[in-house]
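**Q** There's a structure below that I have some questions on.
The values are calculated or read from the model by the stated rules, or taken from the named source; none is laboratory data. Here the structure is a predicted model, which is why all the values come from computation and not from measurement. Cβ placement follows ideal geometry from the backbone for every residue including glycine, while neighbour counts extend to all protein chains displayed. Surface areas here come from the heavy atoms of the whole protein model, side chains and all, with no ligands, DNA or RNA. Shrake-Rupley method; radii C 1.70, N 1.55, O 1.52, S 1.80 Å.
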Amino acid sequence: MRSTLFFIPHAIGPLPVAGFGWLLIALLAVFLLGAIRRKNQGANWGQATGDWFGWAIAAIVIVFVLPRMEPMLPDGQGGDYPVGIPIRGYGLFLMLSVVGAVWMTWLHARQLGLSIDSLMSLSLFTLLSGLFGARVFLVIQKWSELKGESLFEKLLEALKFTEGGLVVFGGFIGGAIAVIGWAFHRKYRLLVMGDMIVAGLMLGLALGRLGCFMNGCCYGGVCEASMPAVSFPRGSLPYMDQLMAGRLLGLKLSGDPNSAAGATIESIRPGSWASEQKFSSGDRVELIQAGLVPPERGLDPAGPPTVEGEITVNRRLYRLDKIVPQRSLPTHPTQLYSSLNAFLICGFLFFLWPNVRKDGLVLGLWLVMCGSSRMLEEWLRIDEAGQFGTVLTIAQWISLLGMIGGVAILAFVRKLPVGRARLVVT
């Protein structure tokens with residue numbers, strides 16, 4: 001459970017890694033060596049360097065994009081210094097999820113006669129559309145919470161998808177639009193394609209949820225029963241949520257402590273900091289403010305940050321850095337539940353696919369199974385509120401629609417004659 005696994009150093013020896021540095025030198029060396037090899041095999045220089053455009057794009061990313069990804073941390077002397085390129089746990093598992101989804105889809109696609117070039121084209125188109133949909137869905141939901149004051153600053157923050165902040169259903173919707181468009185363009189049957197890809201999607205989801213676990217997003221509520229539970233490190237999303245609600249300090253509050261009216265203590269957890277202070281039910285909490293200070297220079301920049309802030313109870317101020325614990329309260333491991341569920345559905349669908357006798361059956365079952373399991377998962381998560389005046393979150397509403405769509409597909413498939421159709425419409 002480590003949001004940032006490590007940092008690639010800003011510089012090695014006299015040169016930086018990104019920008020005009022070692023990565024650019026390595027890229028140019030690989031490009032030139034490949035061109036020389038093709039030249040020695042009989043190609044002319046034009047043919048040997050014909051793929052220069054893609055390499056140029058990579059060079060632009062190295063020179064101009066990667067340096068902007070380096071966080072700037074205070075050096076303790078009033079200035080900032082670049083700490084290096086962060087390797088995020090979420091981004092790593094996102095990459096693995098894409099590779100895993102494409103690999104599993106290929107196991108079925110090759111049996112349908114789909115070439116690897118066509119599959120890679122479909123995968124790239126679906127990936128880009130899915131990432132766009134997942135991020136747009138998140139940005140629409142949490143626009144007011146994005147960092148930055150201006151529209152430009154918020155849009156830059158919206159592009160940082162490798163640090164977390166992708167909505168699964170937004171990705172499914174974006175990817176579905178891409179698949180439908182691609183199928184109509186290539187004259188492929190949608191039911192056949194749907195059956196072909198859903199097991200791979202679930203493998204990708206299973207790996208992606210492990211990235212959520214590393215990042216601390218998509219978290220569950222405090223686990224007070226004798227059930228599996230995990231605690232997250234200082235500065236993580238569950239930790240800060242519990243802190244701002246007072247739960248981490250042993251308080252159960254009624255009302256918003258940062259509002260004009262303040263909050264009232266309903267109950268106090270035995271053995272907590274609040275219990276040690278001998279607070280009582282009915283006492284007033286007028287303020288809870290908290291912020292994160294990154295590790296000092298010389299310490300692990302990927303380590304947990306320091307929590308600074310204050311809480312005011314009965315008009316008495318307490319500094320948070322003196323009282324907060326190192327880890328969150330035990331929470332429901334919803335990310336791991338979701339990952340395990342996705343692995344199980346993936347395995348079921350993968351081995352079901354070659355044995356069904358009607359197209360669309362696998363797709364319909366996927367919609368029903370995925371929707372119903374997400375409905376249950378949302379009862380343990382606390383990172384989304386109810387929508388449309390109900391207790392159902394937006395994910396549960398979409399799950400409900402997906403289940404209805406799955407039942408409709410299964411009803412339609414039931415009326416089809418037994419037999420599997422070809423992928424291509426002839």
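**Q** With a probe of 1.4 Å, find how much accessible area the range 10-69 has per residue, and write the answer as a whole number in Å².
**A** Details: 4090 Å² over 60 residues.
Result: 68 Å² per residue.
**Q** Around G235, which amide H atoms from residues at least 5 apart in sequence, or from another chain, sit under 5 Å from its own amide H, with H modelled in the peptide plane?
**A** M240
**Q** If you don't mind, there's one more thing I want to ask. Helix check for the chain. Which DSSP H runs span at least 20 Å along their own axis by Cα, with a mean Kyte-Doolittle hydropathy no less than 0.0?
**A** Values: long enough: 22-40 (27 Å, 1.39); 89-109 (29 Å, 1.38); 116-141 (37 Å, 1.53); 168-186 (26 Å, 1.32); 190-215 (35 Å, 1.63); 334-352 (27 Å, 1.47); 361-378 (26 Å, 1.05); 394-414 (30 Å, 1.76).
Qualifying helices, which must be both long enough and hydrophobic enough, are 22-40, 89-109, 116-141, 168-186, 190-215, 334-352, 361-378, 394-414.
**Q** I would also like to ask the following. Leaving ligands, DNA and RNA out of it, rank M72, M240 by accessible area with a 1.4 Å probe, largest first. Can you show the working numbers first?
**A** Numbers: M72 105, M240 35 Å².
My answer, sorted largest first, is M72, M240.
**Q** Summing -39500 (n - 2.57) over the DSSP H runs of n ≥ 4 in the chain and dividing by its residue number, what mean residue ellipticity at 222 nm do you reach, to the nearest 500 deg cm²/dmol? Present the calculation step by step, with values, prior to reporting the outcome.
**A** Working: 13 runs with 202 residues, N = 426.
-15500 deg cm²/dmol, from helical runs alone.
**Q** Could you give me the ³J(HN,Hα) list for the range 306-316, computed from phi with Karplus coefficients 6.51, -1.76, 1.60 and θ = phi - 60°, whole Hz, x at Gly and Pro?
**A** 8, 9, 10, x, 7, 10, 10, 10, 6, 6, 10
**Q** Separate question: How big is the accessible area of V83 in square angstrom, nearest 10, if you roll a 1.4 angstrom probe over the protein chains?
**A** The accessible area of V83 comes to roughly 20 Å².
**Q** Are there any GluC sites (Glu not before Pro) in the range 275-367 that are in a DSSP loop and have at most 16 other Cβ atoms within 10 Å? List them by number.
**A** Details: sites: E276, E286, E296, E308, E310; in loops: E296.
Answer by residue number: E296.
**Q** I'm spelling it out carefully: the read-out is log10 I(q)/I(0) by the Debye sum over Cα atoms at q = 0.07 Å⁻¹, the candidates are [x] -0.36; [y] -0.46; [z] -0.52, and one was derived from this structure. Which label?
**A** Correct label is [y].
**Q** Hey, another quick one. Suppose accessible area is computed on protein heavy atoms with a 1.4 Å probe; arrange W22, W182 from highest to lowest. Can you show the working numbers first?
**A** Working: W22 105, W182 15 Å².
In descending accessible area the options line up as W22, W182.
**Q** Turning to a different aspect of this structure: For L253, enumerate residues with amide H under 5 Å from its amide H, sequence gap 5+ or separate chain, H modeled in the peptide plane.
**A** E266
**Q** What size of dipole, in debye to the nearest 20, comes out for the range 9-144 about its Cα centre when the only charges are +1 on Lys and Arg C-beta atoms and -1 on Asp and Glu C-beta atoms? Intermediate values should be presented prior to the final figure.
**A** Working: 8 positive and 5 negative charges, 68 e Å.
About 320 debye.
**Q** Just the number please: accessible area per residue for the range 183-339, 1.4 Å probe, all protein chains included, in Å². If you can, show how the numbers build up before the last one.
**A** Details: 7260 Å² over 157 residues.
Using a 1.4 Å probe on heavy atoms only, each residue of the range 183-339 averages 46 Å².
**Q** Carbon and sulfur atoms: what percent of the 1.4 Å accessible area of the chain do they account for? Could you put the intermediate results ahead of the total?
**A** Values: 15000 of 22910 Å².
Carbon and sulfur together cover 65 percent of it.
**Q** Now a separate question. Is the range 57-106 best put as rounded, prolate or oblate by its Cα gyration tensor, with a ≥ b ≥ c the root eigenvalues, rounded for a/c under 1.5, and otherwise prolate when a/b is larger than b/c, oblate when not? Could the numbers behind the result be given before it?
**A** Details: a/c = 7.26, a/b = 2.14, b/c = 3.39.
Oblate.
**Q** May I ask you to order 351-362, 89-100, 210-221 by the average number of other C-beta atoms within 10 Å around their residues, highest value first? Before the final figure, lay out each step's value.
**A** Details: 351-362: 16.2, 89-100: 19.5, 210-221: 23.2.
Taking the mean over residues of other Cβ atoms within 10 Å, the ranking is 210-221, 89-100, 351-362.
**Q** What distance in nm separates the two pseudo spin-label positions at D256 and V99, each 7 Å out from Cα along the beta-carbon direction?
**A** 4.5 nm
**Q** If r is the Cβ-Cβ distance from Q41 to V63 and R0 is 41 Å, what FRET efficiency results, to the nearest 0.05?
**A** Numbers: r = 30 Å, r/R0 = 0.74.
It comes out at approximately 0.85.
**Q** For C223, list long-range residues whose amide hydrogen, built 1.01 Å from N in the peptide plane, is under 5 Å from its own amide hydrogen.
**A** The answer is T331, H332.
**Q** Heavy-atom accessible area of V391 with all protein chains present, probe 1.4 Å, nearest 10 Å²?
**A** Rounded to the nearest 10, the figure is 110 Å².
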